[in-house]
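> Pasting a structure here, questions to come.
Bear in mind that the values in this text are calculations on the coordinates, not laboratory data. Bear in mind the structure is a predicted one, so any value in this text is a computation, not a measurement. In this analysis, Cβ positions are derived from the backbone assuming ideal geometry, glycine residues included, and neighbour counts consider all displayed protein chains.
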């Protein structure tokens, strides 16, 4: 009886291994864009809210957060356009995308539930922001992003106990170390082809 099993060549084995590795990769350049886009947007909004609260008589400085809405559309359009250009969508790409979509949905639900107590909203959004940041660091195997997620949690604790004079600065500081620093480090790695 003839053995019908085909012996795999080294080249075929390498191709299969490469395909399996590629199925776990994430589009890192998209990741750095979103980190930097959201980092700068949230940094500008949260710092502006603090400055309006501290140095003006504006009674509702939290209205500035409505600038997040056009930011969502920019992010979706960018992701859609670049997603169409990508030849392959990996499992890790989908996991990464759904992690952040889940965060967006949770943030909207939290805002609706917590809308009558917006003075303490920052603590909860910082706590919530840490999770997708931390998880994304593991998905793309990037330690500064893992540290960024931890940073969000630490600052959420500080904001909770610091009192109203310090608490409003928690969001811009958290975004600086949670999104912007990892975002620029990631962009630098992509540019040098080291990730």
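> Given the peptides 176-186, 69-79, arrange them by the average over their residues of other C-beta atoms within 10 Å, most packed first.
My ranking of the peptides, most packed first, is 176-186, 69-79.
> Quick one: work out Rg over Rh on the C-alpha atoms of the stretch 27-192, Rh as Kirkwood radius.
So for the stretch 27-192, dividing Rg by the Kirkwood Rh gives 0.98.
> So, one more: Take the Cβ-Cβ distance between residue 85 and residue 40 as r, set R0 to 25 Å, and report the resulting FRET efficiency rounded to the nearest 0.05.
Efficiency at R0 = 25 Å is approximately 0.60.
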